[in-house]
Amino acid sequence: MTGPSIWTVVLADPTVPFDRATLALVVADQRRPSRRWLYPVVRPLSRLAVTLIRIGKRLLPVPVSGHSAMDTLCVWFLRRFVSPTAGALLIRHFVVETNLLNFVVRNAAPAGVDEVTLRPTTLAGLGDSAVIEHDLNVYAVLTGLGLGGRSARPEVLDFSMLTVPAVDASPGVPRLARLDIQTALCLMNIPFALCLTDDEYRRAVHSLRLDDSLLAVLAELTGDATFLRWCSGTPAVRVDSSVDVPQAVYEHAVVCEYAHERLRQLAARQEPAPHPDPAPQVFTSG
């Protein structure tokens, strides 16, 4: 008996809130041979290597880091060993998360919190401490909301920041391999652990637990409980960096895409306020 393939269903599933062109890239990335054959082997080896690195660094008398080396190595690796599709998805994630944070900043207006400016469009843009800045931006926005307070929910939400520029993942650069994004994340996690101090690494990993906090803020701002469906339920007050980091990063990127697309759907539904006596906006969660 024949039927639709897994990929046909993933692409057609109406319950998946995903930009369809981006979802097609995700499926193409998932179908790469490296995802099927190499990822299951690299995943446990990467976790073992990172564990040994972190144990070794804890035994050192002083913290050791190499941010510039990490940036250089990762950008070089992306250009020479990772498929342009995976590279484009990684670049896009940085922009998507920035858009989510800026939606919160612009509509909640926490005191003393500036909008996020990290919007890379090339692989080179992932250097210059972009990975560290990417994590710190989440901390800054949530801390600002907690300490500085927020303005009242606006009657008309501003969705204007939800644009994603064209990205250039250097498709013309010759590559020695074209790895999928999950295999690439496993391998990139090794220099991250090596080049960040143990505290920096723990902070970066814990930032993934803040997805639930961000989703709750988005639900409150929009009045749409749909965002809460994607919460993991893991308490943000539990600090634990022994998780499967590459898998957690991948799932984090997917959740950000869900939230971003949901905001775009809400933006399309938001009707212009009547003039001159504007009425409060109503948001549906269908």
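The values are calculated or read from the model by the stated rules, or taken from the named source; none is laboratory data. Remember, it's a predicted structure, so these values are computed and weren't measured experimentally. No Cβ is skipped: glycine too gets one built from the backbone with ideal geometry, and neighbour counts run over all protein chains shown. Only protein heavy atoms, including side chains, enter the accessible area calculation; ligands, DNA and RNA are left aside. Shrake-Rupley method; radii C 1.70, N 1.55, O 1.52, S 1.80 Å.
Enumerate the calculated ³J(HN,Hα) couplings along the range 66-72 in order (Karplus 6.51 cos²θ - 1.76 cosθ + 1.60, θ = phi - 60°), each rounded to whole Hz, writing x wherever the residue is Gly or Pro.
Values per residue, Gly and Pro as x: x, 4, 5, 5, 4, 4, 4 Hz.
Calculate the FRET efficiency for residue 21 and residue 147 from the Cβ-Cβ distance with a Förster distance of 30 Å, rounded to the nearest 0.05.
Once rounded, the FRET efficiency stands at 0.20.
Long-range amide H contacts for residue 179: which residues qualify at under 5 Å (H placed 1.01 Å from N, peptide plane, sequence gap of 5 or more or a different chain)?
82, 83
Taking 0.36 nm per residue of sequence separation and subtracting the Cα-Cα distance, how much length would be gained by fully extending the chain between residue 202 and residue 225, in nm to one decimal?
Answer, rounded to one decimal: 5.3 nm.
I want the local charge near residue 165. Using Cβ-Cβ distances under 11 Å, sum +1 for each Lys or Arg and -1 for each Asp or Glu among the other residues.
Net charge around residue 165: +1.
How big is the range 56-157 in terms of Cα radius of gyration and Dmax, in angstroms?
17.1, 55
Please work out how much length the chain gains when fully extended from residue 48 to residue 124, using 0.36 nm per residue of separation minus the C-alpha to C-alpha distance, in nm with one decimal.
Extending this stretch completely gives an extra 24.5 nm.
Run the accessible area of the chain with a 1.4 Å probe and give the carbon-and-sulfur part as a rounded percent.
61 percent
Please work out whether the range 140-270 counts as rounded, prolate or oblate from its C-alpha gyration tensor, where a ≥ b ≥ c are the square roots of the eigenvalues and a/c under 1.5 means rounded, while otherwise a/b larger than b/c means prolate and anything else oblate?
Oblate shape, in that a/c is at least 1.5 and b/c is the bigger or equal ratio.
Apply the Kirkwood formula to the chain: the hydrodynamic radius equals the inverse of the mean of 1/r over all pairs of different alpha-carbon atoms; give it in Å with one decimal.
Every distinct Cα pair counted, the radius reaches 20.3 Å.
Using 0.36 nm per residue of separation minus the Cα-Cα distance, give me the extension gain between residue 115 and residue 5 in nm, one decimal.
In short, 35.4 nm is gained.
Once label points are set 7 Å from the Cα along Cα→Cβ at both residue 13 and residue 247, what is their separation, rounded to one decimal in nm?
1.7 nm
Give, as a single signed number, the net charge of other residues whose beta carbon lies under 11 Å from the beta carbon of residue 96, with Lys and Arg counted +1 and Asp and Glu -1.
Around residue 96, the surrounding residues sum to -1.
Keeping all protein chains in place and using 1.4 angstrom, which order do 209, 262 fall into by accessible surface area, from largest down?
I get 209, 262, largest accessible area first.
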